[in-house]
Structures are given as C-alpha cells and as structure tokens.
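Accompanying notes for the structure given below.
The values are calculated or read from the model by the stated rules, or taken from the named source; none is laboratory data. A quick note: this is a predicted structure, and the numbers were derived from the prediction, not measured. A quick note on method: Cβ atoms are made from the backbone with ideal geometry, for glycine too, and the neighbour counts reach across all protein chains shown.
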C-alpha cells in the first residue's frame, strides 16, 4: 500500500514537472509575431535561423475566423476574431516552408530558414 502511494506521488510529480518544464521551454524560444487579418499575413515572409526551435505568436486582427495552416510543417491553428495563440516549430533545415489561411485561400506566406 505504501509503495503504491509513493509510486503514484512520484508519477504525479514527474507529470507536473514535465508540464511546467515544457511551458518554460516555450517561453524561452526565439519568438516571431504573425498578424492575420481576413486572409492577409503581416509579415508574409518570416526569416528564421536554421536548425533552431522557434515559436510563432499568431494574432487574428480581422473580422472573421482564420486558420494558419502549413502542410510542410504539419501545423494548423484556428483563431476566432481577436484571438491569439502560438505554435512551436521544430528545428528546420534550410529552405522555404509555405503557409496559408485555409479559410481565405488567397492569403499565403512563407517561412525562410537560413
């Protein structure tokens, strides 16, 4: 009985420390701002260092919902009007990675990893 409680306590502490450390790591990442308004990205081109994890903060300043999506990066995030969120991107090889607003197909951008 005592062994089971200790094991559960250790498992709980490990889970909390993992959650806390992931939050800390996301806040320590090189961060880029991306504003999305009705299918338009500002900036439409983001230059990032190669082989480094990054965070992109997404801000929907438009009147309708938007969806940041990148097939190459395997990322998508839906934002309501006025909403903010972020995505974390694993280290990228040098190259260009396209993204778009799935709700407004004319809105496109690119992440350039150098």
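How many of the residues making up segment 103-114 are crowded, with 17+ Cβ neighbours inside 10 Å and either within 14 Å of the chain's Cα centre (by Cα) or part of a loop (DSSP other than H, G, I, E, B) (or both)?
Result for segment 103-114: 2.
Given the criteria modelled with pLDDT under 95 and either under 22 Å from residue 104 (Cβ atoms) or in contact with a strand residue (DSSP E or B) (Cβ under 8 Å, 6 or more places away or on another chain) (or both), does residue 82 qualify?
No.
Which of the residues spanning segment 24-83 are part of a strand (DSSP E or B) and touching a helix residue (DSSP H, G or I) at 6+ places or on another chain (Cβ under 9 Å)?
Taking segment 24-83 first, the residues part of a strand (DSSP E or B) are 30-37, 40-42, 45-48, 54-60, 66-70, 75-79.
Passing the criteria: only 55.
Cβ-Cβ distance below 8 Å, separation of 6 or more or different chains: which pairs start in segment 32-43 with a residue that is at positive phi and end on one that is in a loop (DSSP other than H, G, I, E, B) and surrounded by fewer than 17 Cβ atoms within 10 Å (Cβ to Cβ)?
38/63; 38/64
Counting only residues that are loosely packed, with under 13 Cβ neighbours inside 10 Å and either in contact (Cβ under 8 Å) with a residue 60 or more places away in the chain or assigned to a loop (DSSP other than H, G, I, E, B) (or both), how many does segment 84-97 have?
Selection size over segment 84-97: 4.
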